[in-house]
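Before any comments, here is the structure.
Where a number appears in this text, it was derived from the coordinates with a stated rule and is not lab data. What you see is a predicted model, and the numbers here were worked out from it, not measured in a lab. Here the Cβ positions follow ideal geometry from the backbone for every residue, glycine too, while neighbour counts run over all protein chains shown.
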Amino acid sequence: MVLKQFNDLPWYVQALLLVAVVGGVDFLLHYQFFQPIRQDIMKATQEIGRLSAEVEKGQAAERRLAEFDKEIKRNTEKLLILRSILPEEKETPEIVRRIQELAATSDLKIRKLTPQPSVGHGFYSDWPINIELDGSYDNLGRFFDRISKFTRIINVENLNIRGVQEIETPDKTLSATCTTKTFVFQEERKAVN
């Protein structure tokens with residue numbers, strides 16, 4: 001019956017009604033179904049953009065991973081070198097033995113070698129060792145030269161040289177006393193409350 005009444009309407013009214021119905025259906029479909037889907041698509045597109053940026057950052061870090069590994073290796077090697085120069089422990093027997101070897105290869109006789117207590121200075125402490133030597137000026141110079149080339153830092157302080165009154169041999173023309181001072185790395189310990 002509705003269809004018969006529709007057919008009885010003039011053609012332009014039929015066209016107008018048809019356009020209104022199609023427009024209404026389109027409006028309903030657009031705002032009820034397609035608009036939420038478009039919003040979901042926009043949100044998903046934004047999320048994809050954000051995730052793509054994170055992936056790019058991760059890929060950039062991955063490309064630099066080999067460089068970071070090389071830097072870690074270089075820094076580890078530097079740390080080993082620095083630890084040999086400024087070790088974390090006194091290494092008393094090793095240092096005493098090395099000083100005795102340096103004196104012996106320099107043709108000096110050690111009369112006395114006395115390690116002293118360490119003195120703290122923040123991140124390091126210095127460790128003095130008093131030494132009394134007999135020998136010649138040339139031999140003493142060789143000894144100090146060899147100490148200066150030692151891997152570990154050793155300073156010589158408070159040097160006192162006296163000539164020997166009665167020269168028994170050409171290798172014993174002086175007596176010397178000095179303090180050799182080496183250093184030990186110590187991390188600052190935080191007080192535990």
For this session: Hey, can you tell me all the residues within segment 96-124 that are farther than 19 Å from Phe150 by Cβ and in contact with a helix residue (DSSP H, G or I) (Cβ under 9 Å, 6 or more places away or on another chain)?
Result: Lys109
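Any residue that is of a type in the set (Lys, Arg) and more than 24 Å from Glu91 (Cα to Cα) - is there at least one of those in segment 112-129? Before you say what the answer is, go through the steps one by one.
Step one: of segment 112-129, the residues of a type in the set (Lys, Arg) are 112.
This time we only want the ones that are more than 24 Å from Glu91 (Cα to Cα), so: none.
No; the residues of segment 112-129 include none that is of a type in the set (Lys, Arg) and more than 24 Å from Glu91 (Cα to Cα).
Here is a yes/no grid of residues against (1) of a type in the set (Lys, Arg); (2) surrounded by fewer than 11 Cβ atoms within 10 Å (Cβ to Cβ); (3) under 33 Å from the mean Cα position of the chain (by Cα):
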site	(1), (2), (3)
Tyr12	no, yes, no
Gln39	no, yes, no
Ser52	no, yes, yes
Ala60	no, yes, yes
Gln116	no, no, no
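Find the strands (runs of 3 or more DSSP E) located wholly in segment 62-156 whose residues include 3 or more that are touching a residue at least 24 places away in the same chain (Cβ under 8 Å) and over 30 Å from Glu168 (Cβ atoms), and list them. I'd like the intermediate steps shown before the answer.
Values: elements: 109-115, 119-121, 124-135.
Because the criterion is at least 3 residues that are touching a residue at least 24 places away in the same chain (Cβ under 8 Å) and over 30 Å from Glu168 (Cβ atoms), the strands (runs of 3 or more DSSP E) in segment 62-156 that meet it are 124-135.
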